[in-house]
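Each value in this text was obtained by applying a stated rule to the coordinates, not by laboratory testing. If you're wondering where the values come from, they're calculated on a predicted model, not measured in any experiment. As a convention, Cβ positions derive from the backbone with ideal geometry for all residues, glycine included, and neighbour counts pool all protein chains shown.
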Amino acid sequence: MTREWLLVLLLALPFVASFAAALLKPHARNVAAGLAIGAMLAGLSLTVALSGEISGGEAARFTVAWAPSLGLEFNLRADGFGWIFLMLICGVGLLVSIYARYYMSAADPVPRFYSLLLAFAGSMIGLVLSANVILLVVFWEMTSLLSFLLIGYWHRGAAAREGARTALIVTSAGGFCLLAGLLLLARIAGSLDLGVILAQGDAIRASPLYAPATVLILLGAFTKSAQFPFHFWLPQAMAAPTPVSAYLHSATLVKAGVFLLVTLWPVLSGTETWFWIVTTAGLTTLLLGAVLATFQNDLKGVLAYSTISHLGLITFLLGLDSPLACVAAIFHIVNHAIFKASLFMAAGAVDHEAGTRDMRRLGGLVRCMPVTTVLATVSAAAMAGVPLLNGFLSKEMFFEETLAARRALPTLVALAASVFSVLYSLRFVGGVFFGPAPANPARQAHEPPAWMVAPIGLLALACVVVGALPALTVGPFLRRAAESVLGDQAPAYKLAIWHGLTPALGLSMLALALGVALYLVFRRRLLWPRDIRLGLPSGKALFDRGLDIVADVVPGWIARRFPAGRLQPQLVFVLASALALALLALTTGGPVPAFGPSAVDPAFAGLWTIGGACAIGAAMAAKFHRLAALVLLAGAGLISCISFVWLSAPDLATTQLLVEVVTTILILLGLRWLPPRIPMPEARGLATRLRRARDGALALAAGAGMAAFSYAVMTHPIDDSVSAFFLGQSYVAGGGRNVVNVILVDFRAFDTFGEVTVLAIVALSVFALLRRFRPSPESIATPVQREGQQAAEAMNVEGARAHAFMEYLRVPGLIIQLMVPVILLFAAHLFLRGHDLPGGGFSAGLTASVALILLYMAGGVRWVEARVRVLPLRWIASGLLLALVTGAGSLVLGYPFLTSYFTYLDWGPLGRTPAATAVLFDLGVFAVVVGATTLILVSLAHQSLRRARQGAADRRPESELGKAL
């Protein structure tokens, strides 16, 4: 297998395993664990296989054109630095998967846990391998979303929900900043390819867009890696299961930010902007995290704040304009992931066996958990920077680079943070595993299962091996990573446990001595630490205040100005904004296109006189009778349909007619659920006349603008527009004579895929809202209005009229049985002819939906569910999956996404017929349309039936409404 396909397999493997785990039943924990362990082990093996492919400074690449004209490509790239991250993702992921099998309770839905964990691992792999900035941001946001689901895995707890929400908001907001910053870099470099951007460091630093791009990118990196002032989300995320913390908050999620900083270090570093922002944030986070970690009572709280501190250490190193500092940062990324994952799993083992993570209720566990004690002590010593362990080596490099900066403040901060690091490490070990046992333990502790201890032991062993033999173990890989990032700037350095008596060694020993001394002096006080209050607003408090403003103040201001009880003020805002933007485009967008001449056909003018009268009548009738307004609105739609026929657009006419039929039925079902009309004051006074004049002017301006725009488009010469391209290439490049359908399923298939996805989301939203909507007749009335009761009664009467109208539409079951096969056959006819003649998947889907609507009208909801067994959710999922697989098939063959292939099939006596892969995509569109329409129909019908059974306000018998449905 070539190295290019190794990258593809490495990326696809965890997602495939995640999908398989999601299909398992909740009690299949062993199968789910086996899937996760197997996927992580296979990923680790593929990463090891890639090692030889990227040796010698070369990078493995895989490229598939996505939308080449826009510079969008599916680019994967693995270099030396990315390889180290892949080893952390797969290696630590393998150990966490084994550990989680014995940590998670049998009552938990373990397959869902492993499914999310595998999907997150795949997203991290995609982030590391991304060689296109848009693809990088996509995977970046996927990690935020999946970490939200993992942190909130125990969603019944308020702390888990709050921690997940905070993490998602902070990291997603940073993701938007990152997207903007990377787009600015791409604009400077003239390419979205990360390799091209990294090759233009001088041009980027000299650009006036450098400063805003750098600030935006740093905001994205700081939010993900919990740098001050965005550090508050990480301690809240400790409500997640411990395997999640061991994976996300030591080796993967929080490392994504520093991974990005290292990757972009060659093009962003070396300026005052970079130095002051990055070093200030890093130093502040380093010291603040270390101090706060010392005074936590929760084991995972100690580890969370210590993680923040170590991430600050890495960030500070990257802020220095020193290649060797960048190497030290990479080294500490690896070391921190090793000992922190081990410590998180050790804390989880203590919680699992002792029944608590509160250090005030722990102590003396060495007597009943000796193996865990040894392993946790080794890992904590590595975190403290004890010699002969891996943490000591990278911390010594940290001191060397801090001293080389020749600044007093950073040196003092680094020393103080290191002292606190020793202090909280000693407190972690001494307060939990040594000393007297608590008087009232939560549970009689004992050693956890062997397979739960094994991952902790392997990581602790790695701390010792790397610390004792750095040049033989991690040295070659660190060198390769440094060369892939720094290129010719890669410095000469030596990994060894002894470099002589150096100032850096002196600072390391001083930090150890001071930390031990402080622990011995304040040991008793540290058993019951007090909360630290600096007198300044915390990041969490500022976040909560900002969230209150966004969630309460701003929506309240909007609700007061655009009340939800009436659509008119909201429509005024929408139309006014659209008109303002249109006028701005006309005044700043160059010359206005001239209108071509066109004769006015009296018959056509008369037709639209009728359509205009229907539209005006619908607007006026809506004040008194919604059912009449709906009928008039359908009349205006019918005039539009006839107009399309008149203008030789049969595709649009067919679609318009079918949409009118389906939406009219759905709105009829939904009339009963509309709120009562608010009684309007009498047309008196200047304010009322001004409001009506404003509304009329807006309506006329919007209508006239759309009419002028449509007229300009229709009279524009075809040879001077994009239409000429589609007309000329429809058959040559798309294999179809129906230009409209070829555009939808071939030339603009990506747009169509987005549209059907939106349609599916709308249907699911309607289903979710109506599923939870249980209004009583009293809640529908408007109590603040004196006329509210009359309005509610009028609405219920109108709803009864709507359902009575539905009653008139009922037809005997025998006729339905004869009509439905004919309609379905006509739907198949529209679908099969769509590529060459008017029709297609959308029209066929609407036609099939009409058949289902007739079934519901004739037999009711229960009858259809019992006889027909329509499963709309499966239709939607199958349609989206089919459309996606059709598009991905072209990627496998080396063509852009959703590229269509067509040929002719020879059927002998029947002749030759065209065949295109776009038909499969169109079939997916058909399935989504049928599923979405049916889901909305079923949701409305069920709710109407439920309300009838609860006793509607009009007190009609249940059987009458059931028959109407």
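The Cα center of region 636-663 and the Cα center of region 266-332 differ in position by 63 Å. Residue ranges 277-286, 836-845 sort as 836-845, 277-286 when ordered by packing (mean number of other C-beta atoms within 10 Å per residue, highest first). For region 396-406, the Karplus equation 6.51 cos²θ - 1.76 cosθ + 1.60, evaluated at θ = phi - 60°, returns couplings of 5, 5, 4, 5, 4, 6, 5, 5, 5, 6, 6 Hz by residue, with Gly and Pro reported as x.
With K and R counted +1 and D and E -1, the other residues having a Cβ less than 14 Å from that of residue 419 yield a net charge of +2.
Counting 0.36 nm for each residue step from residue 829 to residue 520 and taking away their Cα separation leaves a gain of 102.7 nm. Each Cα pair under 8 Å and six or more residues apart adds its sequence gap; the mean of these over the residue count of region 3-527 is a relative contact order of 14 percent. Put simply, the amide H of residue 356, placed in the peptide plane, has no neighbours under 5 Å, leaving out anything fewer than 5 places away on its chain.
A Förster radius of 35 Å, combined with the Cβ-Cβ distance separating residue 358 from residue 499, puts the computed FRET efficiency at roughly 0.25.
Each residue of region 918-930 is assigned a 3J(HN,Hα), and the resulting list reads 4, 4, 5, 4, 5, 5, x, 4, 4, 5, 5, 4, 4 Hz, derived from the Karplus form 6.51 cos²θ - 1.76 cosθ + 1.60 (θ = phi - 60°), x at Gly and Pro. Each peptide among 399-405, 415-421 gets the average number of other Cβ atoms lying within 10 Å of its residues, and from highest to lowest they stand as 415-421, 399-405.
Between residue 72 and residue 9, the FRET efficiency estimated from the beta carbon spacing at R0 = 30 angstrom works out to 0.85.
Within region 350-412, the trypsin sites (Lys or Arg not before Pro) that combine a DSSP coil assignment with at most 15 other C-beta atoms in a 10 angstrom radius are 406, 407.
Subtracting the Cα-Cα distance of residue 722 and residue 573 from their residue separation scaled by 0.36 nm leaves 50.4 nm.
As a rough guide to protection, the peptides 195-207, 335-347, 310-322 ranked by mean Cβ packing within 10 Å, highest first, stand as 335-347, 310-322, 195-207.
Amide hydrogen proximity for residue 132: with H placed 1.01 Å from N in the peptide plane, the residues at 5 or more positions away or on another chain lying under 5 Å are 75, 194. Add +1 for every Lys or Arg and -1 for every Asp or Glu among the other residues with Cβ under 14 Å from the Cβ of residue 102, and state the total. Spelling it out: positives minus negatives among the neighbours equals -2. Annotation: extensible slack from residue 750 through residue 479 equals 93.3 nm (criterion: 0.36 nm per residue apart, minus Cα-Cα distance).
Couplings 3J(HN,Hα) for region 31-37, derived from phi with the Karplus relation 6.51 cos²θ - 1.76 cosθ + 1.60 (θ = phi - 60°), are 5, 4, 5, x, 4, 5, 5 Hz, where x marks Gly and Pro.
Using 7 Å Cα-to-Cβ label points, what is the residue 416/residue 209 separation (nm, one decimal)? Placing both labels 7 Å beyond Cα along the Cβ direction yields 4.1 nm.
In this label model, residue 544 and residue 690 are separated by 4.4 nm, measuring between points 7 Å along each Cα→Cβ vector. The ranking of 424, 247 by Cβ neighbour count inside 10 Å, starting from the fewest, reads 424, 247. Here residue 907 and residue 649 are evaluated by their C-beta separation; at R0 = 22 Å the FRET efficiency comes out at 0.10. Close amide H pairs (under 5 Å, H built 1.01 Å from N) link residue 899 with 890, residues at least 5 positions away or on another chain. Taking a point 7 Å out from the Cα of residue 199 in the direction of its Cβ, the residues of region 134-157 whose backbone N falls within less than 20 Å of it are 134-136. Residues in region 146-174 near a label at residue 105, defined as backbone nitrogen under 15 Å from the 7 Å Cα→Cβ point? Output list for this probe position: 153-160. Remark on region 193-311: ratio of C-alpha radius of gyration to 2.2 N^0.38 Å is 1.17.
Using the alpha carbon gyration tensor of region 3-527, what are the three equivalent-ellipsoid semi-axes (square root of 5 times each eigenvalue), largest first, in whole Å? Square roots of five times the eigenvalues give 34, 29, 20 Å.
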